[in-house]
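Undergrad: Here you go, one structure.
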Ligand SMILES: Cc1ncc(C[n+]2csc(CCOP(=O)(O)OP(=O)(O)O)c2C)c(N)n1
């Protein structure tokens, strides 16, 4: 049956069809929907949101050791977190097929960096498959699991934002290939102590040769012969752009993207007059082609930053055929270029707002983290000074503090981030006698990636209730001398907690706890309105940075949008003139 699916839905479907019985991951755009879709099949597959990507990859390795087919999902930066087990799993190898599904984000639509997972494949010496559409996503999952079992290696499935999130037709099938779990004890097979690890190291090299031969023979790599004056080597979504922009050209399509099929590349290169390599992110393939002594174009024509796109395809066309009239940008894209920019802001009713407003009253440095609260960097809150990576909010605070900075430092992370990698940063501050104030913004969910559960929410991806790990208890058990929990919608309580924490010379923790209203799908309270006769247009409420508060002109009273207001009541509390009240009461 043909069904329209996103790439992520197709990966989930492919995993189910290929008999995967264990799936692990940590959310991260654009990878998140793989597990969310596979969760619709939880009668056949064990699934979990692991606390972080390292744990997820290790757990998937365990499932594979036990002989079952397993996948692990993450975004590209997650693979950095999971790199330690990946590098050694390459040596130890797999039993049941194991696929590491990593979604890269060329163009940084929702990521702090642009990073090419193919580097990791080369680094860890494991193969990479790179599908170009949803149908290829589904097929690549089974292919990858079979390859993993044949060569006893984890296989990386590299996705990118456009492949993960765009829809195309997929032919679905039945579920086959399920394995029964049985771990065969064999220490020399599973324990890379130096004595056995050195042997594994040799095996990794010989496996690379086998994988290179697999890549030569794979149906995922194919030559589409066309006009011989121009040939492209393309992989992933770039292949689709090339096919559409240059329908007559010859193309070598790589779906088995590493190790490279050198003989196939040579055969193709010798069959065309001019060769262009089109790949997103890094010029890994292009460098390799040049290193083989084959002349080609690539980065010199398409650049190396951002994702491949219609404007880039048109620019490539203009560069290759300078004499021809440049094709126009399709109308929707041309019109989109004129749209005003809409900077992201914290949602109306976001419980994070209260803490940042309270911090604004002190001359402190705020080391933030990755999560919805990273938006507090923008005006009018302007209350974040650094963002590095998940968990960095606490550790960067420690570094600034220990460097001798005179101002107090406040490290801020979210609840999901606390469990992901914040705990070790907190341990550093406690153990090494830091004095930063550490804040956990606990909105009871992983909001930024679409409300996934985590160890603090009391629910699993299997839909069961479970232990609700207490952030406060973890902090106390780690030796945090003072832990206070506040309601971030209560501004005076939050401001008092911040002031007291800053007055103390030791470290302490504040947990701001209120559920994300979007997750709850209900307003925090009744919508507010501004009594225009009492308002002095002082703009204090505007400085909360709430999108529901409209400030049409400087010096004129702001208004509150009834549709947008979530009724959190923070604006009532900042108004010194009593001009803001519940809508019914004030209108
Ligand atoms: C290593 C890594 N994994 C995953 C992500 C994707 N990601 C961005 S923020 C975030 C967590 C946000 O949850 P939380 O800390 O609870 O803050 P909230 O968004 O709920 O305010 C995740 C998983 C990432 N940026 N880096």
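Please treat every number below as a calculation from the coordinates, not as lab data. Everything quoted here is computed from the prediction, not taken from an experiment. Because the Cβ atoms are built from the backbone with ideal geometry, glycine has one as well, and the counts that use them run over all protein chains shown.
Undergrad: Eigenvalues of the Cα gyration tensor times 5, then square-rooted: what semi-axes does that give for segment 2-217, in whole angstrom, largest first?
TA: Largest first, segment 2-217 gives 25, 19, 16 Å.
Undergrad: To test your reading of the geometry: what angle, between 0 and 90 degrees and rounded to tens, separates the Cα axis of helix 53-65 from the longest principal axis of the chain?
TA: 40 degrees
Undergrad: Shifting gears a bit: Can you tell me the convex hull volume per residue for segment 352-520, based on C-alpha atoms, in Å³ to the nearest whole number? Please report the intermediate quantities before stating the final value.
TA: Details: hull volume 17.5 nm³, N = 169.
In segment 352-520, the Cα hull volume divided by residue count equals 104 Å³.
Undergrad: Express the relative contact order of segment 221-325 as a whole percentage, based on alpha carbon pairs under 8 Å and six or more residues apart in sequence. Present the calculation step by step, with values, prior to reporting the outcome.
TA: On the way: 155 pairs, mean separation 28.9, N = 105.
RCO, segment 221-325: 28 percent.
Undergrad: If you average the C-alpha positions of segment 205-236 and of segment 170-196 separately, how far apart do those two centres end up, in angstrom?
TA: Cα centroid of segment 205-236 versus Cα centroid of segment 170-196: 28 Å apart.
Undergrad: If r is the Cβ-Cβ distance from residue 324 to residue 83 and R0 is 35 Å, what FRET efficiency results, to the nearest 0.05?
TA: Values: r = 46 Å, r/R0 = 1.31.
My answer for the efficiency is 0.15.
Undergrad: Turning to a different aspect of this structure: Arrange the peptides 253-262, 494-503 so that the one whose residues have, on average, the most other Cβ atoms within 10 Å appears first. Could the numbers behind the result be given before it?
TA: Working: 253-262: 23.5, 494-503: 18.2.
Descending packing order for the listed peptides: 253-262, 494-503.
Undergrad: Using a Förster distance of 41 Å, how high is the FRET efficiency between residue 403 and residue 492, based on the Cβ-Cβ distance and rounded to 0.05?
TA: Details: r = 33 Å, r/R0 = 0.81.
It comes to 0.80.
Undergrad: Okay, next question. Between segment 366-424 and segment 248-285, how far is it from one alpha carbon centroid to the other, in angstrom?
TA: Going from one Cα centre to the other spans 43 Å.
Undergrad: If you don't mind, another one. Starting with the fewest neighbours, write out 288, 76, 182 ranked by other beta-carbon atoms found within 10 Å of each beta-carbon. Mind showing how you got there, number by number?
TA: On the way: 288 18, 76 25, 182 10.
Fewest to most other Cβ atoms nearby, the residues stand as 182, 288, 76.
Undergrad: Another question about this same structure. Can you tell me the 0 to 90 degree angle between the C-alpha axis of helix 262-271 and the longest principal axis of the chain, rounded to 10?
TA: 70 degrees
Undergrad: Right, next: Expressed as a rounded percentage, what relative contact order does the chain have, with Cα pairs under 8 Å and six or more residues apart?
TA: Details: 1285 pairs, mean separation 62.9, N = 587.
Reported as a whole number, the value is 11 percent.
Undergrad: What do you get for the angle between helix 491-503 and the principal long axis of the chain? Use alpha-carbon atoms, 0 to 90 degrees, nearest ten.
TA: 80 degrees
Undergrad: Given contacts defined as C-alpha pairs under 8 Å and at least six residues apart, what's the relative contact order of segment 528-586, whole-number percent? Don't skip to the end; give the middle numbers.
TA: On the way: 85 pairs, mean separation 27.8, N = 59.
It comes to 47 percent, rounded to a whole number.
Undergrad: If each residue's Cβ is checked for other Cβ atoms within 10 Å, how do 90, 64 rank with the fewest at the top?
TA: Ascending Cβ contact count within 10 Å gives the list 90, 64.
Undergrad: Now for a separate question. Report the far tail of the P(r) of segment 188-283, meaning the percent of Cα-Cα pairs longer than 17 Å. Could the numbers behind the result be given before it?
TA: Working: 2586 of 4560 pairs.
Of the Cα pairs, 57 percent sit more than 17 Å apart.
Undergrad: What value, in deg cm²/dmol to 500, does the helix sum -39500 (n - 2.57) over DSSP H runs of n ≥ 4 give at 222 nm once divided by the residues of the chain? Don't skip to the end; give the middle numbers.
TA: Details: 24 runs with 214 residues, N = 587.
Rounded to the nearest 500, the figure is -10000 deg cm²/dmol.
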